[in-house]
Structures are given as structure tokens and as C-alpha cells.
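Student: Structure below; questions to follow.
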Amino acid sequence: MKIIIVGNGAAGISAATAIRSVDKKVEIQIVSKERDAAYSLCALPYVVSKELTQKYTARLDKDFYKQLKIKTVFGSPVCKIVPERQSVILQNGKSFSYDKLLIAAGARPVVPPIEEIDKKGVFFMDTLENTKKIMNYARKNRVKKAVIIGAGFTGIEAAMALKMHQIDVVIVEMMDRILARMLDPEIAVEALKLLKSTGVEVRLGSGVKKITGEKNASGVRLSDNKLINCGLVMVSIGVRPNIEMINGSDLQVNQGIEVDQYLRTSDPSIYAAGDVAETPDYLTGVKTINAIWPNAVEQGRVAGLNMVGQETVYDGSDSINVLNIAGVPIVSMGQIEIRDKKCEIISFRNEKSFRKALIRDNVIVGFESIGPFRQLGFIWSCIKKKTDISDSKEKILRDNFVPVLQK
Ligand SMILES: Cc1cc2nc3c(=O)[nH]c(=O)nc-3n(C[C@H](O)[C@H](O)[C@H](O)COP(=O)(O)OP(=O)(O)OC[C@H]3O[C@@H](n4cnc5c(N)ncnc54)[C@H](O)[C@@H]3O)c2cc1C
């Protein structure tokens, strides 16, 4: 049997490892558009800040593939999958047939409709190769000021990384708050104060309509016509699954590729995992893409095992995000918006922290916090296990709360 895995990232590597752990014979071939051995996308902000060298960001060396007897075809994207012929076609014209296929091609940045966005000096922090170019360009062009478009998780990480090189940073965000997918408005205000305390300037409720400059970016023109001069622009407004390769096929797609509880697509010989796959959220059951590393790794593992006949059910993706601004942890878990009238919010605030939990029927369904909190692990366990917290509701968010044994 021959298995092809499209994608050499978190889900693809996890699938290959799981397959090899139970089947020493099956042929595994990883096809990936990038030339690098697998590395962690989570480390890219540290590549910008230079806190980590490539030695540490490269997760695997080439021996990994040899040891696990994995064939690799790196450096050309898959442009088409033909399920009827069980084959994948690469942009370089090569094609390979498979018995089972895993699509683990991840996601790519959304490119906003901004005039002249293809100018030199406009970057996306999406691959190791593109990320390395950012500081090379900044150094070569003596960049003193950068604009980041988008105040989400990666935009903020990028801002702080650039600040470490004494580059002034302005973040331009269309919404009225930062980290809008992670925090509610009140906690987002506190996060904004923290971000500003690092020297990052933030323009909320502002859109960029044009990148200015001759050949190279020299600024951004906002929708209200104001100009911000800068030597470098980074775009970070979200990601979109890499699913063009299945265009024209009958595979069912919604936001991402639809899969069943075994991560099998609507074609029984094709599986999908990671940022391309739409899976149920563990807490709500709603199908979505919770695009974080641990979800991709677990989905890869489950898909891999199922592909070699080890029936394994995927029980849903976690929605959890952790960010650090100025050394202060910011955490969001589960739901952050009230979805129905049964929900109530409890909160706790002191000079160092602000915490909120969303509770439905005495069960925590969402939690967010800024500042240190020793009971994060306990809260996450309550959310996942749907623990009844009626006995501790008054004190569960307090600094001095300690979980007690249940009778
Ligand atoms: C800058 C950044 C920081 C992040 N930080 C965090 C973090 O701190 N914590 C966290 O949990 N998550 C973080 N994430 C998200 C996390 O990295 C992703 O959710 C995770 O990597 C998804 O894994 P994946 O295997 O689905 O895709 P990826 O890891 O993106 O791998 C996709 C693979 O597919 C290949 N590929 C793409 N298109 C094709 C094609 N057409 N043909 C062949 N190969 C193709 C790519 O080259 C790559 O090898 C971050 C993401 C980014 C971009």
C-alpha cells in the first residue's frame, strides 16, 4: 500500500510518525511545496526577533525521513488531486498515485485587497523562507519604522519581535479592538494598554488602502487618506486553508475540507488534517477550523492511524490561545461570546489581573484572562470535563482559590 501525505508541517509529520509506529512496511511519501525539512511555524516570530537561530527552529533534520523510511518530494506544490485516478499532480508536471492520501497542506495568509500590495518591502510571516527575508530586508534597507496590518495573535507577535531590533512599529487594525478573535472588548482594552506600554503604536478602526512608494514600500495610505511613512510593511490579517488542489473534485468542502470522526473526507481513500480540515470544536460541537499547532498534531495522529486500519475517533479540536505581551500572559479558552440567554459571566479583577469566565448551567464554557493565574490548568480541566462548579463559583477566579477534593 502507498500513502501520500501532502504537507510537511505539524499534521503531516504527526501522521507519518503515527503510521510508522504501527506499520513498518507501508510506503509513505511526503510531498511538500517547501524545500526545508519540517519546522515549527510557531517559532517564526522568534526568527524575526533573532531569539532563536535556525538550528533551533528546524524541528527535524533530514535523518528523520531516512530513519522512518519516508520518501520525500520537496520543492513543488501539489496543484491538483484527481480522486477518480487516485493521483496527485505537482506544479512541476510530475504526478504520483496513491492508495490512501492525507491532505495536510495547512493554510496561507489572506491577502487583502490593498493597492500595490506586491511592492518590495511588503512581507507575510508564513514560511521560514519568507520570514528570514524580513530582517534581511530591514537590515539592508536600514528600516527604522514598520507598519503591521492586523492586530491579531501573529501581528502582535511580529510587532514585538521587530521592536526588539529598535524598529518603531505601528499596527493598523480595521476592528475597534486588538485580538478580536481571542478576547472580549473589556479584556482587549487591557491588552491594548499593555501593548502600548511596549512602545508599539496602534491605530484601531483604520483600514489600509494603498502601499505607497516607487519600487519599494515607503508607507501606507489609510482609508481616511492619512499617510504613515515606513520602510517595511507586514500583513497579518488571518489565514485561509490551502484547498485549491481539490477544486473540480467532488470532495465536500465548507470553510475547510469536511471530514468525519475518523478524519476521512467524502472520498474514503482521502483524509484531511490540520488547518485544511474542518472538525467539530470539542466544546461546542460546531464544525470549524481551530488553527493551532496541538490540534494539527492530534488530527495528524488520528488520521494517520485510521489510514492504516487502527480505528481511532477524533473527539474534537480545542480552542485555546496563549500570548505574552511585555511578559504578561494573556489566555483565552473556549467560548468568549455569550451564545444564549442561559449564560452568565463571572469576573475577577485586581491591580495585576483581569479574569472572566462564561458559565452555562454551572459549567464554565469559556475563560479569558490577562495577568498571572495559578489555576489555569484547573480551569481548562473544568471546561473540558464540563465540571459543575456551583460550589466554587464565587471564588474560582480569585488569586487564592485552590481546588478541593469533591465528595
Ligand atoms: C507565524 C505563526 C505563528 C504561530 N504561532 C502559533 C503558536 O504559538 N501556537 C499554536 O498553537 N499555533 C501557532 N500557529 C498556528 C500553527 O502553526 C498551525 O495551526 C499549524 O502549523 C497547522 O499545521 P498544519 O500541518 O495544518 O499546517 P502547516 O504546519 O502550515 O504545514 C503545511 C505544510 O503543507 C505544505 N503545503 C502547503 N501548500 C501545499 C501544496 N499546494 N502542495 C504541497 N505542499 C503544500 C507547506 O509547505 C507545509 O509543509 C502559528 C502560525 C503562524 C503562521
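Student: Can you give me the Cα centroid spacing of the range 333-387 and the range 168-221 in angstrom?
Tutor: 27 Å
Student: Same structure again: For the range 250-355, what value does the Rg/Rh ratio take when both radii are computed over Cα atoms and Rh is the Kirkwood radius, given to two decimals?
Tutor: Radius of gyration relative to Kirkwood radius: 1.09.
Student: Sticking with this structure for a sec: For the chain, what does the equivalent ellipsoid look like in terms of its semi-axes, each the square root of 5 times an eigenvalue of the Cα gyration tensor, given largest first in whole Å?
Tutor: The answer is 35, 31, 19 Å, longest axis first.
Student: Right, something else. Would you pull out the residues with amide H under 5 Å of SER317's amide H, same chain only if 5 or more places away, H placed 1.01 Å from N?
Tutor: The list, which skips near neighbours in sequence, is ASP281, TYR282.
Student: Along the positive direction of the dipole of the chain (beta-carbon charges: Lys, Arg +1; Asp, Glu -1; about the Cα centre), which of LEU60, ASN254, ILE3 reaches farthest?
Tutor: LEU60
Student: Which percent, to the nearest 5, of DSSP beta bridges fully inside the chain are antiparallel?
Tutor: Just about 55 percent of them are antiparallel.
Student: Let me ask another. Which of SER381, LEU358, SER369 sits closest to the plus end of the dipole of the range 335-385, meaning its Cα is farthest towards the positive end, when Lys and Arg get +1 and Asp and Glu get -1 on the C-beta?
Tutor: Checked the options; the winner is SER381.
Student: While we're on this one: Answer with one residue from HIS165, THR154, LEU183: the one whose Cα lies farthest towards the positive end of the charge dipole of the range 122-235, charges on Cβ with Lys, Arg +1 and Asp, Glu -1.
Tutor: Checking the options against the dipole of the range 122-235, the answer is HIS165.
Student: While we're looking at this one, here's another question. How big is D, in µm² s⁻¹, for the range 122-235 by Stokes-Einstein at 10 °C and 1.306 mPa s if Rh is the Kirkwood radius over C-alpha pairs?
Tutor: 112 µm²/s
Student: When the Kirkwood hydrodynamic radius is evaluated over all pairs of different C-alpha atoms of the range 335-385, what value in angstrom, to one decimal, is obtained?
Tutor: Taking the inverse mean of 1/r over all distinct Cα pairs, the range 335-385 comes out at 11.4 Å.
Student: If you wrap a convex hull around the Cα atoms of the range 80-145, how much volume per residue is inside, in Å³?
Tutor: 148 Å³
Student: Taking the chain as a Gaussian network, where each spring joins two C-alpha atoms under 10 Å apart, which residue of ARG240, ARG85, ARG142 fluctuates the most?
Tutor: Judging by the Gaussian network model, the answer is ARG85.
Student: Comparing ILE345, ILE289, ILE103, which has the greatest mean-square fluctuation in the GNM of the chain with Cα pairs linked when under 10 Å apart?
Tutor: ILE345
Student: Can you list which of the GluC sites (Glu not before Pro) found in the range 314-407 are DSSP loop residues with at most 16 other C-beta atoms within 10 Å?
Tutor: The qualifying sites are GLU337, GLU351, GLU394.
Student: Under the definition of Cα pairs under 8 Å and six or more residues apart, what whole-number percent is the relative contact order of the range 335-385?
Tutor: About 29 percent, as a whole number.
Student: With Cβ to Cβ distances under 13 Å as the rule, what net charge do the other residues near THR288 carry (K, R +1; D, E -1)?
Tutor: Neighbour charge sum, excluding THR288 itself: -3.
Student: Are there any helices in the chain, counted as whole DSSP H runs, that stretch 15 Å or more along their axis by Cα and score at least 1.0 on average by Kyte-Doolittle, and if so which?
Tutor: Both cut-offs are met by 10-22.
Student: Relative contact order for the range 122-235 using alpha-carbon pairs under 8 Å, separation at least 6, rounded to a whole percent?
Tutor: 32 percent
The numbers here are math on the coordinates, done by the rules we state, and not lab data. Everything numeric in this text was worked out from a predicted model, so none of it was measured. Quick reminder, even Gly has a Cβ in these numbers, built from the backbone with ideal geometry, and neighbours come from all protein chains shown.
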